[in-house]
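The values are calculated or read from the model by the stated rules, or taken from the named source; none is laboratory data. Source: prediction; values computed, not measured. Glycine also receives a Cβ, built like all others from the backbone with ideal geometry; neighbour counts cover every protein chain displayed. To get the accessible areas, we keep the full protein, side chains included, count just its heavy atoms, and leave off ligands, DNA and RNA. Shrake-Rupley method; radii C 1.70, N 1.55, O 1.52, S 1.80 Å.
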Amino acid sequence: MYGLVNRAVEGLVRSQFGDATWTVICKKAEVDPGGFVAMDVYDDAITYKLVAAAAETLEIPAEAVLEAFGEYWTVYTIEEGYGDLVAMMGDSLNEFLDNLDAMHERIGDAMPGLVPPSFKREPNDDGSSILHYSSDREGLAPMVVGLVKGLAKRFNTTVEIKLLESDASGHHAFHVQETGPSS
Ligand code: HEM
């Protein structure tokens, strides 16, 4: 994955747990704490090792690290200069979810090595949605939970999101229900 992802893991850990914790995590993951280059592509294994080492160090499940990371990503990418692109992709949570593939396609113009996920939203009659997420990578469904919660905050709403099913081909279906404006 692009170094931007590993840099965001670093930003999350440093901002919430301090620099010393990041050093411990890098040591555990056998990763150089010197830093990542945002636009360089790194082996996915490095990101997985960082997540596993963070989970071990913070004594929380890897799923919780991924969920926190997903939520952080929705703020981090804006700070890193993707705010204009994000602003173009929708004025509501549903519109934004509908545009995720178009957004990653745009990002792929500047990041030719991108291996993006794919999303498709299916509206239900009761106003909720089924969000289909497909990826070549394993184990990142908890990140989607955090991403959708982070996006909801951006649109001043709150959501309940539940994983309904996952299959071996890398397809996951979530139920997404807006639960109202955040207070
Ligand atoms: C402007 C904001 C965003 C940028 C710059 C961005 C960019 C990226 C990059 C660089 C990766 C790593 C893939 C690779 O390097 O091959 C990635 C992965 C991913 N992105 Fe985005 N992304 C953005 C927003 C979002 C949002 C809002 C979602 C919400 C659902 C999302 C969902 C994902 C997921 C789930 C992955 C993990 C890869 C996988 O599942 O295979 N991204 N994105």
Subject >> Flag if Val5 is more than 16 Å from the ligand (Cβ to nearest atom) and in contact (Cβ under 8 Å) with a residue 40 or more places away in the chain >> reply: no
Original post:
Just wondering, is there one or more residues in region 40-59 that are away from the ligand (no atom under 12 Å from the Cβ), free of Cβ contacts under 8 Å to residues at least 24 places away in the same chain and loosely packed, with under 15 Cβ neighbours inside 10 Å?
Top reply: yes
**OP:** Could you pull out the residue among Glu105, Glu63, Glu138, Glu67 that is open to solvent by 50 Å² or more (accessible area, probe 1.4 Å), within 12 Å of the ligand (Cβ to nearest atom) and in contact with a helix residue (DSSP H, G or I) (Cβ under 6 Å, 6 or more places away or on another chain)?
**Re:** Glu67
Original post:
How many residues does region 108-135 contain that are crowded, with 20+ Cβ neighbours inside 10 Å and near the ligand (Cβ under 9 Å from one of its atoms)?
Top reply: 3
**OP:** Can you run down the residue pairs with Cβ atoms below 8 Å, 6 or more apart or on separate chains, where the first is in region 129-145 and under 10 Å from Ser118 (Cβ atoms) and assigned by TED's automatic domain parsing to the domain that holds Leu164 and the partner is modelled with pLDDT of 95 or more and among the charged types (D, E, K, R)?
**Re:** His132/Lys120; His132/Arg121; His132/Glu122
Original post:
Out of region 155-165, which residues are in contact (Cβ under 8 Å) with a residue 24 or more places away in the chain and either exposed (fewer than 15 other Cβ atoms within 10 Å of the Cβ) or β-branched (Val, Ile, Thr) (or both)?
Top reply: Asn156, Thr157, Thr158, Val159, Ile161, Leu164
Original post:
Of all the residues that make up region 17-26, how many are farther than 10 Å from Thr57 by Cα and in contact (Cβ under 8 Å) with a residue 24 or more places away in the chain?
Top reply: 2
